[in-house]
Amino acid sequence: MKNKFIYLAILAAGFASCEPEFENDVDANYTSGNADFTSYVAVGNSLTAGYMDGTVYKTGQMNSYPNMLAQQFALVGGGSFTQPYYGDDANNLGGLTLGGVQIASTRLVIDASEGRPENITGTPTIEVSDIHAGPYNNMGVPGAKSFHLVANGYGNVAGVAIGAANPYFVRMASSSSTSVLADAMAMDPTFFTNWIGSNDVLAYATNGGAQDDGMTPAEDHNETGNMDPSTYGGNDITNAMVFGNVYSTIVNTLTSGGAKGVVATIPSVTSIPYFTTVPYAPLSPAALGGQSNIDLLNANLYGPLDAVFTAYGEPNRINPLSSVAVNPILIYDADAADRTAQISGALQMQGYPASIADEIGMAYGKARQANTADLVVLPASSVIGTVNSGASATLASLGLNINGVSYPMANRWVLTANEKAKVAAATDAFNATIVSIANTNDLAVADMNTMMNLLVNGLRIETGQIFTADYFSGIETENEVLFSLDGVHPNAKGYAVITNSIINLINQYYNANLPLKYVNDYPGIHIVGSN
């Protein structure tokens, strides 16, 4: 029986021992093998759309992996490949406006004068209501979950304001009532790629397991058993049975005309910079203001909290701050035992008025220090150590309003061990479904989960160069990074690596002979002198 699941880990290991064939070798005998690339259609989410640096922008979209694949397919009979219109991105800023009001940020760049990522200065010129109706060959829709691909009306501009429609699909949909899958089928695909499903679990992870308010826990519908995705919150985890039913519909529809293709698994979140860049213990003694300030924090906050938690059997939930080593941030843990009443009671015994004691108890009742099992999300780096404007006047007057230091970081900023377990379980279930459905339909599987995990220790590509998941840490690492500045999506180099992995898979699975892309021909991190 034909091996239907080719691990990219094996391919990656093989890269070091074989001579790769790159594009445009005039003497090469390129062939499509058993595949027909006459009409190639890509369905998926932001990873398919060419999203990078926090948005879709004109030149970024040109480096989407489907566009790179189509260029290679064209060498063996592949037809034209169209992508949604971004010609109105006049200054290559990305972002979106709706009715002239900005609703999505411009792309991220490294501001060399500040040494940090920033949204590039300017106003987006991509207006959602300026519709350029498709269908297109690239049907990647940023933000789409699996069930969104079969949702009629997902491209109706009237639904954007209430979250019932997707602004990216609004611009590209063939009509306000169509679905992404219907538009994909309108292109009569003979070959397809399908990389959908990441957002069914990633939205939960990137928001620290919180709803849009940043504090209320989002739902894992594998626990609730809710099978109606129309009732799901934006950051909820999709029920695995719902995912399986929808994924089967998508694949059965794409293959209904005899098309072959490649489906891709969902990457593990623990391998991407969005979750691995910010340490759980970034508070140096100097950052805390030195010995005197540490003593003050220990006397007025950490010591009393440690005493309460220890008295109730949690001796390591909070420990006094160290004056000689880095310290963990203070976080809100939705799953922690609620000690609001105990903290309030202890304070009242010390003479605090009940109203103030209750207020302090509520602020720290579910607090703890972060630990090695927690993942602090990338945007938290700009919040740690800042004043929490939502802290009460009472807490502010006591100096208890500094995020991560004297006030717990909100739920959205940390993915805890319990939340990671939910993400991992859902990812495993979704990936098992993807592989099973691919096997049933004789489709190749691109194991992006394994590939992304390789980045943790370094991924060696065809040329021998090694890339890692390290976030940008200076000019010296610029050419070693495959991720864009949003920490989730690849940069152009990263998309080229993904393209090559799929080409290798197609060459093996469909007996094709397609050349690879030169990864180093594509840009990495975008650096500007000033912003």
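Sequentially through segment 34-45, phi angles give Karplus couplings (6.51, -1.76, 1.60; θ = phi - 60°) of 8, 9, 10, 9, 3, 9, 8, 10, 10, 10, x, 10 Hz, Gly and Pro residues having no value and appearing as x. Considering only the Cα atoms of segment 285-415, their convex hull presents on average a projected area of 7.7 nm². Find out how many positive minus negative residues lie around Ile126, taking Lys and Arg as positive, Asp and Glu as negative, among other residues whose Cβ is under 12 Å from that of Ile126. That works out to -1. Using the alpha-carbon positions of segment 46-139, Rg (one decimal) and Dmax (whole number) come out as 14.9, 48 Å. Each label point was placed 7 Å from the Cα along the Cα-to-Cβ direction; for Ala287 and Thr249 their separation is 4.6 nm.
Summarise the accessible area of the chain (1.4 Å probe, protein heavy atoms) by the percent that is carbon and sulfur. Write out the running numbers ahead of the final one.
Details: 10600 of 20280 Å².
The computed percentage sits at 52.
Evaluated on segment 136-225, the Kirkwood hydrodynamic radius is 14.3 Å, with distances taken between all distinct Cα atoms. Across segment 242-256, coupling constants 3J(HN,Hα) worked out from phi with the 6.51/-1.76/1.60 Karplus curve, θ = phi - 60°, read 4, 4, x, 5, 5, 4, 4, 4, 4, 5, 4, 6, 5, 8, 5 Hz, and Gly and Pro carry x.
Pairs of Cα atoms nearer than 8 Å and 6+ residues apart set the relative contact order; for segment 285-415 it is 26 percent. Once the chain from Ala393 to Ser177 is taken as fully extended at 0.36 nm per residue, the excess over their C-alpha distance is 72.8 nm. When only alpha carbons of the chain are considered, Rg and Dmax amount to 24.9, 87 Å. Computed 3J(HN,Hα) for segment 375-382, one whole-Hz value per residue from the Karplus formula 6.51 cos²θ - 1.76 cosθ + 1.60 where θ = phi - 60°, is 10, 8, 6, 4, x, 5, 4, 8, glycine and proline marked x. Placing one identical point scatterer on every Cα of segment 205-316 and ignoring solvent, what is log10 I(q)/I(0) from the Debye formula at q = 0.12, 0.17, 0.19, 0.20 Å⁻¹? After summing over all Cα pairs, the log10 values are -0.76, -1.08, -1.15, -1.17.
Anything over 21 Å Cα to Cα? Flag those among Lys493/Lys517; Lys145/Lys422; Lys145/Lys420; Lys145/Lys260, in the order listed. Listed pairs above 21 Å: Lys145/Lys260. For Leu288, no residue 5 or more places off, or on another chain, has a built amide H under 5 Å of its own.
Ignoring ligands, DNA and RNA, what accessible area per residue does segment 285-415 give at 1.4 Å, in Å²?
On the way: 5710 Å² over 131 residues.
Using a 1.4 Å probe on heavy atoms only, each residue of segment 285-415 averages 44 Å².
Cβ neighbours within 10 Å, averaged per peptide: list 499-511, 156-168 in order, most packed at the top. If you can, show how the numbers build up before the last one.
Working: 499-511: 21.6, 156-168: 16.9.
The densest-packed peptide leads the list: 499-511, 156-168.
Would you kindly give the portion of the calculated P(r) for segment 378-467 that falls above 21 Å, as a percent of all Cα pairs? Here the long-distance tail beyond 21 Å is 61 percent of all Cα pairs in segment 378-467.
In terms of packing, defined here as the mean over residues of other Cβ atoms within 10 angstrom, the peptides 293-303, 487-497 line up highest first as 487-497, 293-303. The equivalent ellipsoid of segment 334-405 has semi-axes of 25, 16, 8 Å, largest first, where each one is the square root of 5 times an eigenvalue of the Cα gyration tensor. What does a probe at Ser129 reach in segment 91-123, counting residues whose amide N is under 17 Å from the point 7 Å along Cα→Cβ? Residues passing the 17 Å test: 96-104.
Remark on Thr82: its backbone amide H falls under 5 Å from those of Asn137, Asn138, a criterion applied only to residues 5 or more positions apart or on other chains, H modelled at 1.01 Å from N. Candidates Ala161, Met172, His221 compared by Cα position along the dipole of segment 125-236: farthest toward the positive end lies Met172, with charges placed on Cβ. Once backbone amide H atoms are built at 1.01 Å from N, Met409 has Leu330, Ile331, Tyr332, Gly404 as its partners under 5 Å, excluding neighbours fewer than 5 places away on the same chain. The mean accessible area for residues of segment 36-94, using a 1.4 Å probe and ignoring ligands and nucleic acids, is 27 Å² per residue. Solvent-accessible surface (1.4 Å probe) assigned to Lys422 amounts to roughly 40 Å².
The values are calculated or read from the model by the stated rules, or taken from the named source; none is laboratory data. All values derive from a computational prediction rather than experimental measurement. Cβ coordinates were reconstructed from backbone atoms using ideal geometry, including for glycine residues, and neighbour counts include every protein chain displayed. The protein model used for the area step is the full one, side chains on, heavy atoms only, and it has no ligands, DNA or RNA in it. Shrake-Rupley method; radii C 1.70, N 1.55, O 1.52, S 1.80 Å.
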